[in-house]
Amino acid sequence: MLARLARFSFRRRAIMVFAIWLPVLIGLNVLSSTLGTNYHTEFGMPNTESKIVQDAFTKIGNKEDAGIQAAIVFTAPQGTDDPAIVTAMSAFFAEVEALEGVKVVSPFVPEGAQQNSLAENPTNTFGQDVSFAQLTVSKRDQSEFQSLAEEIEALGKDVQAGVPGLEIDYGGQVFQKMAFPASEILGILAAIVILLLAFGSVIAMGLPIGTAVVGLGVGMAIVAIVSNSVSIPEFGPQMAAMIGLGVGIDYALFIVSRYREHLQMGEDPETAAVAAVDSSGRAVIFAGITVIISLLGLFIMGLSFVRGLAVAGATGVFVMMVASITLLPALLGFTGTKIHTTSRAAATGVAVFVACGLAGVALDQLGPLMGLGALVAILLNGASLLPFARSLRKPIPHRDEKPAELRFWYRWSRFIQHRPWPFFIGGAAVLVVLALPLFSIRLGFSDEGNQPKDTTVRQAYDTIADAFGPGTNGPLILVSTDPAATPTIAATVDTALAADKSVAFATPGMEIAPDMWMWRVYPKDSAQDAATSELVNRLRDDVLPTTGIKVNVGGWTASGIDFSDYLAGRLPLLIGAVLVLSFLLLMAVFRSLLVPLKAVVMNLLSVGAAYG
């Protein structure tokens with residue numbers, strides 16, 4: 001079947017490119033633009049204690065405390081208790097709380113009294129007074145968070161301008177700016193350089209890149225359309241693009257390499273293309289199916305946004321796989337035997353394009369500089385057609401291929417095959433040693449302390465850490481809906497919390513609804529610290545059960561810990577399911593037990609080493 005498909009694509013190359021792939025590319029992107037996108041992250045928590053806390057707030061209609069925590073941090077040389085600052089910031093907090101879905105606990109009210117750290121406080125290493133308002137924001141999409149953050153920051157800018165010496169920073173996920181790096185562009189530029197060095201031919205380099213770019217355009221359009229019915233997170237397209245580009249270039253590279261080998265054996269272009277797709281194309285199909293199985297294995301995790309990532313990634317891989325066995329043979333038909341030829345104009349144009357692309361990434365002027373590079377490349381190749389530009393048309397001397405038995409990798413494979421046991425034992429030992437740390441892996445989520453130092457969220461994080469301690473950036477929310485809870489028992493909880501060695505401070509228990517009490521606990525250690533995970537487990541297992549009522553521990557920090565524990569528990573199922581399905585697929589393909597068993601063992605060792 002692959003041979004017939006390749007022969008059709010080669011002979012009907014104009015139909016395949018201009019009547020099939022080009023209309024599909026344009027049509028899907030037009031449809032995508034018409035329908036729009038609906039990328040959103042449904043961060044549905046599994047059934048954990050932090051989920052119980054979240055549900056308790058939702059049940060009483062408190063969407064804010066069921067959402068995301070943030071902070072407005074402010075300092076001033078004259079002290080944060082200066083009357084002008086108190087007046088200005090109180091008015092600012094009132095404006096913020098008036099925004100939909102935002103709750104503010106001001107440091108100027110009794111509930112937030114501990115949100116002030118004076119300069120003379122022994123734990124304050126910042127050097128001057130620091131105060132912060134605790135914000136809780138109802139759940140919403142990332143774009144809505146960004147709009148809210150911009151609105152709050154605009155209000156704060158006016159306040160800051162009116163009070164000399166006042167400095168305001170904004171902490172928490174709400175104020176993080178989601179700026180994706182130019183990963184796909186860097187990947188393409190790197191692939192251009194590597195393939196050009198490997199093939200020594202612009203055309204041979206351009207075929208895998210061109211196939212991958214067209215496949216990427218089709219795949220991303222499909223993912224955008226699917227986002228209207230499937231929960232695909234905001235970073236789903238970027239992940240799908242990176243995986244798609246990687247496998248797309250890789251798959252096309254298999255076929256182009258085999259095509260060149262068959263041409264060097266003296267075959268005509270059609271025979272070489274059919275033979276390349278019939279052999280390497282099989283590897284592409286089975287490799288693609290294996291990757292798709294691995295990605296769809298993420299459904300085992302049981303989380304909606306992870307399923308969205310799986311769908312996006314699998315879509316990208318599938319489109320690249322189809323493009324490699326249909327579009328690429330058609331492009332080979334246009335290329336023919338010219339695949340080995342590269343003119344000076346083509347090589348110079350590619351060099352200029354890559355240089356402009358790298359400069360664009362570095363200077364954050366990607367569009368203009370890449371456009372300039374493309375224009376220069378087109379003008380160079382156009383100029384080479386002029387009668388007086390013979391030197392630009394001159395082919396670069398082709399690098400003669402050595403016989404297979406004289407190439408490095410051939411000799412290396414023979415060297416290994418003649419000494420199988422030493423290399424088997426040595427290679428396995430290296431992988432096992434690399435995998436050993438896996439058994440002590442600690443999963444978790446990054447926080448604002450991992451952000452660049454020039455961002456407001458990192459500056460707010462560092463200021464709070466210096467003035468209050470790092471754990472203040474990741475408070476825990478404790479909730480009790482136990483009917484037995486009374487002010488006296490709530491005071492017992494207050495005492496138990498204050499006595500714990502890992503608690504910096506905690507707010508007194510408050511009855512925020514009938515039979516519902518809440519505490520806010522600030523750990524001494526950062527949210528990512530192992531001591532904070534130990535604190536959450538100790539509160540749940542040892543401290544709170546002694547108070548006489550059921551108290552659940554939640555909040556963003558506890559949710560991250562619960563979520564990590566959930567993922568760690570599901571990870572063996574995911575890896576096991578992927579290995580079993582891969583084994584069955586390879587067994588059906590090769591009709592062998594030894595080959596799939598070898599593949600499973602290699603995958604297991606590789607995954608272990610990577611995680612280790």
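For region 217-228, just list the computed ³J(HN,Hα) in residue order, Karplus coefficients 6.51, -1.76 and 1.60, θ = phi - 60°, integers in Hz, with x standing in for Gly and Pro.
x, 5, x, 5, 5, 5, 4, 4, 5, 5, 4, 6
Fully extended, how many nm does the chain gain between residue 177 and residue 242 (0.36 nm per residue separation, minus their Cα-Cα distance)?
Extra length available between residue 177 and residue 242 comes to 21.3 nm.
Give me a comma-separated list of calculated 3J(HN,Hα) values for region 53-60, in order, Karplus coefficients 6.51, -1.76, 1.60 applied at θ = phi - 60°, integers in Hz, x for any Gly or Pro.
3J(HN,Hα) across region 53-60, in whole Hz: 5, 4, 5, 5, 5, 4, 5, 8.
On average over all directions, what projected area in square nanometres does region 312-417 have, based on the convex hull of its Cα atoms?
Result: 11.6 nm².
If I model a spin label at residue 450 and residue 494 as a point 7 Å from the Cα along the Cα→Cβ vector, what separation in nanometres do I get?
Label-label distance for residue 450 and residue 494, simple model: 3.7 nm.
Of 41, 106, 161, which is farthest on the positive side of the dipole of region 34-179, counting Cα position, with +1 on Lys and Arg Cβ, -1 on Asp and Glu Cβ, and the Cα centre as origin?
Farthest towards the positive end: 41.
Per DSSP H run of n ≥ 4, the term is -39500 (n - 2.57); total these for the chain, divide by its residue number, and report the mean residue ellipticity at 222 nm rounded to 500 deg cm²/dmol. Display every interim value, and only then the final one.
Values: 20 runs with 358 residues, N = 612.
Taken over the chain, the calculation gives -20000 deg cm²/dmol.
Under 16 Å from a point placed 7 Å out from the Cα of residue 257 along the Cα-to-Cβ direction: which residues of region 413-447 have their backbone N that close?
Taking a point 7 Å out along Cα→Cβ of residue 257, the residues of region 413-447 whose backbone N falls under 16 Å are 413-414.
Quick one: dipole size for the chain, taken about the Cα centre, charges +1 on Lys/Arg Cβ and -1 on Asp/Glu Cβ, in debye to the nearest 20.
Value, rounded to 20: 4480 debye.
Highest first, please rank the peptides 148-154, 527-533 by the mean number of other Cβ atoms sitting within 10 Å of their residues.
On the way: 148-154: 16.6, 527-533: 18.6.
Sorting 148-154, 527-533 by mean packing, highest first, produces 527-533, 148-154.
Rank-order 225-234, 388-397, 489-498, 582-591 by packing density, defined as the average count of other C-beta atoms within 10 Å over each peptide's residues, highest first.
Working: 225-234: 18.9, 388-397: 12.3, 489-498: 17.2, 582-591: 14.9.
Ranked from most to least packed, the peptides come out as 225-234, 489-498, 582-591, 388-397.
List, in order, the whole-Hz ³J(HN,Hα) value for each residue of region 150-163 obtained from phi through the Karplus relation with A = 6.51, B = -1.76, C = 1.60 and θ = phi - 60°; use x for Gly and Pro.
5, 5, 5, 5, 5, 5, x, 5, 5, 5, 4, 5, x, 10
Can you compute log10 of I(q)/I(0) for the chain with the Debye formula, treating each Cα as one identical point scatterer, at q = 0.05, 0.11, 0.12 Å⁻¹?
Log-scaled intensity ratios, in q order: -0.32, -1.14, -1.25.
Sorted from largest down, give the three principal axis spans of the alpha carbons of region 10-88, whole angstrom values.
Between the extreme Cα coordinates on each principal axis of region 10-88 lie 81, 40, 22 Å.
Stokes-Einstein D for region 52-162 at 20 °C, 1.002 mPa s, Kirkwood Rh over Cα pairs, in µm²/s?
Values: Rh = 15.0 Å.
For the chosen part, D equals 142 µm²/s.
Name the long-range amide H neighbours of residue 504: under 5 Å, sequence gap of 5 or more, or other chain; modelled H, no Pro or chain starts.
The answer is 522, 524.
Tell me the label-point distance for the pair residue 151, residue 103, using the 7 Å Cα-to-Cβ offset, in nm and rounded to one decimal.
Roughly 1.9 nm, to one decimal.
For region 17-133, what is the relative contact order in percent, using Cα pairs closer than 8 Å and at least 6 residues apart in sequence?
23 percent
At a Förster distance of 41 Å, what's the computed FRET efficiency of residue 411 paired with residue 588, Cβ-Cβ distance as r, to 0.05?
Details: r = 34 Å, r/R0 = 0.83.
Result of the calculation: an efficiency of 0.75.
Give the calculated FRET efficiency between residue 142 and residue 60 to the nearest 0.05, with a Förster radius of 41 Å applied to their Cβ-Cβ distance.
Given R0 = 41 Å and the Cβ-Cβ separation, E is 0.95.
So for region 377-521, considering every pair of alpha-carbon atoms, how many percent are separated by more than 26 Å?
The answer is 69 percent, as a whole percent.
Tell me the volume per residue, in Å³, of the convex hull enclosing the alpha carbons of region 512-612.
Here the figure is 154 Å³ per residue.
Determine the distance separating the Cα centre of region 1-32 from the Cα centre of region 362-431; give it in Å without decimals.
Answer, in whole Å: 27.
Need one word for region 556-612: rounded, prolate or oblate. Basis is the Cα gyration tensor (sqrt eigenvalues a ≥ b ≥ c); a/c below 1.5 gives rounded, then a/b vs b/c decides.
prolate
All of the numbers you see were taken from the coordinates with simple rules; none came from a lab. None of the values given here were measured: they were computed from a predicted structure. Note: ideal-geometry Cβ built from the backbone for every residue, glycine included; neighbour counts use all protein chains shown.
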